[in-house]
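Comments concern the structure below.
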Amino acid sequence: MPPPKDVVKIAIQMVGAIPQLIDLQQTKPLASVVKDVCNAWSLPNAEHYALQYADGRQTYITESNRGEIKNGSILRLATSPGQEAERLYGGIRSNNVDVKTDSLKKLASLSQDVTFAQEFINRNGLQQIFYIVEEGNATDEMLAHTLTAFMELMEHDFVSWETLGTDFIKKIVSYINMNAVDASVQQLSLSVLENVVSKTTWKTSHTFELVKKEVTLDRLLTHLQVTNAQLQLKAMALLIALLLAATDTERQEMMDYLREKNIRQFIYKNIIHSSEPLADEMAHYLYVLQSVSLNLCERRMRTSMDPYSQEQRELLQSLRQTAFELESEGPAGTSSTERRRSLCAKEFRKLGFVNNSNPAEDLCRAPPGLLALDNMVYFSRHTPNVYSRFVLENSSREDKHECPFARSSIQLTLILCEILHIGEPCSETAQAFYPMFFGQDHFFEELFCICIQLVNKTWKEMRATQEDFDKVLQVVREQITRTLSLKPTSLELFKTRVNALNYSEILKLRQTERMHQEELLAVPVLELRERLRPELLELIRQQRLLHLCEGTLFRKISSRRRQDKLWYCRLSPNHKVLHYGDVEEGVCSPPIESLPDKIPVADMKMLVVGKDCSQTKEKSSGKQNKDVLELTFSIVYDMEQYSLSFIAPTRYEFCLWTDGLNVLLGKEMTSERMRTDLETLMSMELKLRLLDLENISIPDTPPPVPKPPSNLNFCYDFSHTEQ
C-alpha cells in the first residue's frame, strides 16, 4: 500500500550522531518536527535548531517550502537561521582577522538563503557590511566575501538599491578606479554599480548621479582591455547600463566619445575575433551596444524636413551643386531669378526628386525623414566622384530608364531601417549582432553608400523603367537580406558578396526555390512525404531526448538581476529521471551524480509555457519582459502540487527542451524548431529519393497498366530443351 501523499520518508543527519530515518508528516507543524528530532538526540533548546537540505545550497526548511521535500531527501539538523545570523553578525565584527574572514566566507554562502537573509538584515547586518567596506581596512579576500554576501542579500529585494549611502558608493567606485585591487573585488564592484544604475529610479537617484560622475568611460575602457574575460564582461555590463540609463543627449555624447577612443575597433579585434569563444552575456551586450548606436539615428529618422530650415535647405542645395557644379556656374548677374529657379528645378529632377520645384516635400515622410537626407549628403561628400557619376550617368539616359537617385535613396534608407530594426527597443535576451558593425565607425552611412550603388547596378541589370521602381527595390532588399544572413565580418566582404549576388543570381535562386516548391507539391511526392513523416519524427524525438540527456545550463533570472545564478538540468540515460541542481560559474557539464535534486518522469503531469507558468504569474504585478516570457516553461509534477520553472538561455534551447519534455509526456512536439528540422530532414530525404528522377516530370497519377498480350507465343518453351 503506497504511503499517504502528506507523508514523505526522509533521513536527518547531524555531525557526530547516527542519522534518523523518519516519516515526515507534512501536516505536522515544523517546530514540532524539529523538537521530536532534538528529543531523539537528547538536544535541549529545540528552538535554536532548524532543518536544512544536506546537499546543494543547503536551503533552510520553512513552512512555505516544506512541500518541496521529496521521498528520499536527506536533511540535516543545523543551527536555526536566527541563531546563525546572530553568530555571524558577531563574527564579522570580531577584531580577529581569521575569525572575521571565516565569518564573512560563511555569510557569503548562507546569504543565498532567503530565511537567513531576512534574519541577518533584521539585525542591521547590512549596516555592518557597509562599515566593513567604508572602513577600508579589509583584505582583498575579506572584501571579496563581503561584496559577495552583499550582492546575495540584495538579491532578495528586502532592501532597495536606492537606499545605499554615498560613502559606500564612493568606496565601491574607488575599487574600480584603483589598479592595485584584486580582480575578483573589481568584478564584484562593477556588478554592484551595474545594479545601482539599472535598478534605481535614475532620474531622482543620487546614487546614479554619483556613479555617472565618478566612473569615467576611460576607466571602463581600461577594464575592457584586460585579458580577464570576467572583468571584461562586468565592465561591458556597467557600460551598457550607463548607456541605457542616459538621456538621449548624454547617450549621443557617450557614443561620440567611445567613437573617438576607437571602441568599435578594439571590440572587433580583441573580443569578437578573440581565440576564446564569445560568452552569451558578452554577445548580448554587443547586440545592445549595436542597437543603442543604431538607434541614435531614430530622431533624424522620425523628423520630417522643415522647408523653412535654412540648414536643411543648404544641405539640399549642396547635393545639387556637387552633382552639377560646372553646369550651375554662370556669369554673375546674367541669370534672372526665374531662369535660376527653372535651372534648379531641372537639376533637382535629374537628381531624382519627384517634387523638383520643392524637393523638401519628398523628405516630409517620416520615417525615413531627415535620415535619408543625411545619407545622401554623406554619400556626396565622402565619395563625390561616385556620386557625380551616378547622377550624371542616369540624367543622360532616356527619361523612362533613368534611376532616380533621391527617390531611391529615400526608399533605401527606409529599407535599411527596417532590416536593422532602427527605432525598435532593445531585447533583453537577444544575442544577434553584426560583426562588421564593430569594424566601421560610420557603419550605417557606409552601408548606405554600398547599397545605393547596388541599387544603380541592379537597375541597369534589370533594364528597369520608372514603372519598375518597386520591383527593383524588392530585389535590392532581397540582396541585402540574403547577404546579411551570411554574417560577413567586414563591410568590404559584405560589398563583395552583395555585388556577386546580382539580378541573374537572384532569379536563379527564386527559380530553384519555386521549382523545388512545385516539385514538392506533386501528388506522388506528397504521398511519399506522408510515408516518411513518422520515421523522421521519431529521429527528431531521439535527438531531443539525447539533448536532454546531455543537459543544459540555465540561469535564474529574477526581477532584480539577470545574471550570476546558475543551475543545471539533465535527463538520466534511461529517460526515467530529471536531475537538477545549482552549479558554480564556469562549470559547463557537471556529472549527473553531482546534481542533488530529481524528478521522476512518471510524476510529471504537464508542461506549461509562457505566461501560464507559475514563475511569471508570481511576478505579474511588474512589467513583464516579452523576451523572457517567450523563453519560460515549467514542469508540473506530483499530482499538480509542484512545478519546476525554466528560463531557457536561447530560443533554440527552449524549443529543444519543450519538445523533449513533450516526448517524455507522450505528447506531440509543437515547437517551430521541430517544424524546421522536419522540413530540413524531409527535404534532404526527398532529394535523395528523387535523385534519379532529375529533369523528369512526375505525373500526378500512375501510368495505366497495359492490356495483356493476345497470346504468349513469345515465351520460350523449355520442355524441348529437357528432351
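Counting the residues of segment 156-184 that are part of a helix (DSSP H, G or I) and farther than 25 Å from R123 by Cβ gives 8. Inside segment 132-153, residues that are at pLDDT 90 or above, open to solvent by less than 50 Å² (accessible area, probe 1.4 Å) and out of contact with any Lys or Arg (no Cβ under 7 Å at 6 or more places or on another chain) make up a count of 11. When T676, T670 are screened for being at pLDDT 85 or above, open to solvent by 70 Å² or more (accessible area, probe 1.4 Å) and not in a loop (DSSP other than H, G, I, E, B), only T676 passes. For E446, the criteria (1) buried (at least 18 other Cβ atoms within 10 Å of the Cβ); (2) farther than 30 Å from N270 by Cβ; (3) among the charged types (D, E, K, R) hold in every case but one, which is (2).
Filtering L688, L661 for residues that are open to solvent by 20 Å² or more (accessible area, probe 1.4 Å) and either assigned to a helix (DSSP H, G or I) or basic (K, R) (or both) leaves a single hit, L688. Contact map, segment 270-293: residues that are at pLDDT 80 or above paired with residues that are basic (K, R), Cβ distance under 7 Å, separation 6+ or inter-chain. Pairs shown: V292/R251.
For segment 107-131, the candidate set comprises residues that are farther than 18 Å from S184 by Cβ and β-branched (V, I, T); within that set, the residue that is surrounded by the most Cβ atoms within 10 Å (Cβ to Cβ) is T115. Consider T483 carefully, then state whether it is without any contact (Cβ under 8 Å) to a residue 24 or more places away in the chain, assigned to a helix (DSSP H, G or I) and open to solvent by less than 30 Å² (accessible area, probe 1.4 Å). So T483 passes the test. Of the residues M436, M462, the single one that is within 16 Å of Q474 (Cβ to Cβ) and either free of Cβ contacts under 8 Å to residues at least 40 places away in the same chain or open to solvent by less than 50 Å² (accessible area, probe 1.4 Å) (or both) is M462. From the list V354, V386, V377, the one residue that fits, being more than 30 Å from D248 (Cα to Cα), open to solvent by less than 60 Å² (accessible area, probe 1.4 Å) and β-branched (V, I, T), is V386. Could you tell me which residue of segment 240-258 is least open to solvent (accessible area, probe 1.4 Å), considering only residues that are under 22 Å from H206 (Cα atoms) and without any contact (Cβ under 8 Å) to a residue 40 or more places away in the chain? Applying the filter and picking the extreme gives A246. In segment 36-48, what count of residues is obtained for those that are surrounded by fewer than 16 Cβ atoms within 10 Å (Cβ to Cβ), assigned to a helix (DSSP H, G or I) and within 52 Å of the chain's Cα centre (by Cα)? Going through segment 36-48 one residue at a time, the tally reaches 3. Filtering segment 596-620 down to residues that are among the basic types (K, R) and at pLDDT 75 or above, which residue is most open to solvent (accessible area, probe 1.4 Å)? Out of the qualifying residues, it is K611.
Against the test of being more than 30 Å from V7 (Cβ to Cβ) and surrounded by 21 or more Cβ atoms within 10 Å (Cβ to Cβ), the options L51, L104, L75 yield a single qualifying residue, L104. Are any residues in segment 371-413 of a type in the set (D, E, K, R) and farther than 18 Å from E311 by Cβ, and if so, which ones? Listed by number, the residues that qualify are R389, E393, R397, E398, D399, K400, E402, R407.
Is there a residue being open to solvent by 60 Å² or more (accessible area, probe 1.4 Å) and free of Cβ contacts under 8 Å to residues at least 40 places away in the same chain anywhere in segment 159-167? Scanning segment 159-167 turns up at least one residue that is open to solvent by 60 Å² or more (accessible area, probe 1.4 Å) and free of Cβ contacts under 8 Å to residues at least 40 places away in the same chain.
Let's see how each residue does on (1) at pLDDT 90 or above; (2) outside any helix (DSSP H, G or I); (3) polar (S, T, N, Q):
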| residue | (1), (2), (3) |
| --- | --- |
| L319 | yes, no, no |
| R340 | no, no, no |
| C344 | no, no, no |
| A360 | no, no, no |
| A366 | no, yes, no |
| F379 | yes, no, no |
| R389 | yes, no, no |
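The set of residues from segment 233-242 being closer than 19 Å to A279 by Cβ and either among the aliphatic types (A, V, I, L, M) or modelled with pLDDT under 90 (or both) comprises L233, A235, M236, A237, L238, L239, I240, A241.
The values are calculated or read from the model by the stated rules, or taken from the named source; none is laboratory data. Worth saying up front: this structure is predicted, and the values here are computed from it rather than measured. Glycine also receives a Cβ, built like all others from the backbone with ideal geometry; neighbour counts cover every protein chain displayed. What goes into the accessible areas is simple: the full protein's heavy atoms, side chains included, and nothing from ligands, DNA or RNA. Shrake-Rupley method; radii C 1.70, N 1.55, O 1.52, S 1.80 Å.
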